[in-house]
Amino acid sequence: MNGSSAARSVAIIGAGIGGLALARALTVRGLQAEVYEASAEIKGAGGGLIVPPNSARILDRLGLGEVFRAGVPLRQMQILDAGGQVLYRRDQGEVRQAQGYGLHTVSRAALHQALQAALPPQILFPGFRLQELRRMGDKHYAVFANGQQVVADLIVAADGAQSRARALMFPEVHLEPTGQVAMRGVARAALPPAFQRSFTEIWGSGRRITFFPLANDEVYWHAAFSADHLGARPSLNEVAQHYAQFPQPVAHLLEATDPQTLQTTLLQDLEPLPQWSRGNVALLGDAAHATSPNLGQGAAQALEDAAALAELLGQEVRLETALFAYQKRRERYANAAVARSRQMGQIGQVGGPLRWIRNTTIKMNPELARSRIEAFYEEH
């Protein structure tokens, strides 16, 4: 491998948030990057996104701080029991004082558009679905379904939880179901005062729901429930009936949801991978450490990967050295986020006597919840 960072070319597989952020971080350092996206059009998924302090710092460094500042700055985070009692509440002014940033919400599409707009259009290649990784000496090159081949000093797979590159590199690795299904949607609704500018999560037996405001009276919600209760593909009406006993505004949000915004997903994550790279191919974001969406850290950890890898590639070190350092720097925290996110999902949906124990424990010791939720607010 070439020891000069300036001469390195990087081919990025996947134009999601992680892939575009890596391209942006590389280009601001004067490094060569190209992004290959499987879809015929490069566009972000719908729905909403929490921007925690660790994401905000990186976006500021990438010159994209205006995108989350144009979103909704939250006043509080709160967790309620399905009976309506408050279990945990955290003033975001205190978080801002400690971290320099509080929580913001932004539409996923807005962040994706901002990242894309910050890149030269000539480095973006839609319609390139990865088919194979072939060896050429001590390197791999990418072969796409359209017949094109791409050779680069480094190939970075940022192609998501269902990563084709990871399947080619490590065919023995499979996503692990959490036993939960999530339906997501966007409602056109005005939130009651107690929920305005708030990240709210409501915990019930075998089910929970998270919601927060986006701009223009839109509210993003994410309902997670046991796969045993409703199956993998319930209708919105079935989900609404399943949450009928939850306090308002839950029923109102479900009723006010645009059906075109609905997405239903089987929640899965990854056990820690022993390797994040093989030869000149490296994994980033969900391809390396797919997580369930219970801590708001999925995109955040991908952004941290992108920042760390770009920094290391900008140094005058061998590629093997940079990739080893990248995994060493990031794997402990990213894997911890995956494990803790799964745990939070399980805690939020317990029933029976465990529900009473959980509620009592959190109310008597809010620091326990705070330390788990905010463990990743520092950039690692």
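The values are calculated or read from the model by the stated rules, or taken from the named source; none is laboratory data. What you are looking at is a predicted structure, and each value in this text was computed from that prediction instead of being measured. For neighbour counting, all protein chains shown are included, and Cβ atoms are generated from backbone atoms with ideal geometry for every residue, glycine included. Calculation scope for accessible area: heavy atoms of the full protein, side chains included, ligands and nucleic acids excluded. Shrake-Rupley method; radii C 1.70, N 1.55, O 1.52, S 1.80 Å.
Brief remarks on what is shown
- A cut-off under 12 angstrom between Cβ atoms defines the neighbours of residue 47, and their net charge, with Lys, Arg +1 and Asp, Glu -1, is 0.
- Three-way shape label, the chain, alpha-carbon gyration tensor, a/c 1.5: prolate
- Per residue, region 262-380 exposes 42 Å² of accessible surface when a 1.4 Å probe is rolled over the protein heavy atoms with every protein chain present.
- For region 277-298 versus region 197-253, the inter-centroid distance based on Cα atoms is 26 Å.
- Local net charge near residue 210, Cβ-Cβ under 13 Å (Lys/Arg +1, Asp/Glu -1): +2
- Note on the chain: with a GNM built from Cα contacts shorter than 10 Å, the maximum mean-square fluctuation among 238, 311, 218 falls on 238.
- DSSP beta bridge pairing in the chain, given as percent antiparallel to the nearest 5: 70
- Distance between the 7 Å Cα→Cβ label points at residue 251 and residue 70: 3.8 nm.
- Taking every protein chain into account, the accessible area of region 75-135 amounts to 48 square angstrom per residue (probe 1.4 Å).
- Region 107-245: relative contact order as a whole-number percent, Cα under 8 Å and 6+ apart: 15
- What a 1.4 Å probe finds exposed on region 28-164 is 46% carbon and sulfur by accessible area, rounded to a whole percent.
- Net charge contributed by nearby residues that have their C-beta within less than 13 Å of residue 74 (K/R +1, D/E -1): +3
- Under 12 Å from the Cα of residue 328 - aspartates and glutamates, other chains or at least 8 residues apart: 305
- In order along region 94-105, the Karplus-derived 3J(HN,Hα) couplings, from 6.51 cos²θ - 1.76 cosθ + 1.60 at θ = phi - 60°, round to 5, 5, 4, 5, 7, 10, x, 9, x, 7, 10, 10 Hz, and Gly and Pro are given as x.
- Residue 363 accessible area, 1.4 Å probe, all protein chains in place, Å² to nearest 10: 100
- At a probe radius of 1.4 angstrom, the accessible area of region 137-187 per residue rounds to 39 square angstrom.
- Taking amide H as placed 1.01 Å from N in the peptide plane, the amide H of residue 269 sits under 5 Å from that of 176, 178, each at least 5 places away or on another chain.
- Computed lengthening from residue 188 to residue 263, 0.36 nm per intervening residue step minus Cα-Cα distance: 25.4 nm
- Sum of -39500 (n - 2.57) over DSSP H runs of 4+, divided by residues of the chain (222 nm, nearest 500): -10500 deg cm²/dmol
- Evaluating 6.51 cos²θ - 1.76 cosθ + 1.60 at θ = phi - 60° for every residue in region 124-140, the Karplus couplings come out as 9, 10, x, x, 10, 8, 4, 10, 9, 10, 10, 7, 9, x, 9, 10, 10 Hz, glycine and proline recorded as x.
- Top of 68, 199, 144 by mean-square fluctuation, Gaussian network on the chain, Cα under 10 Å: 144
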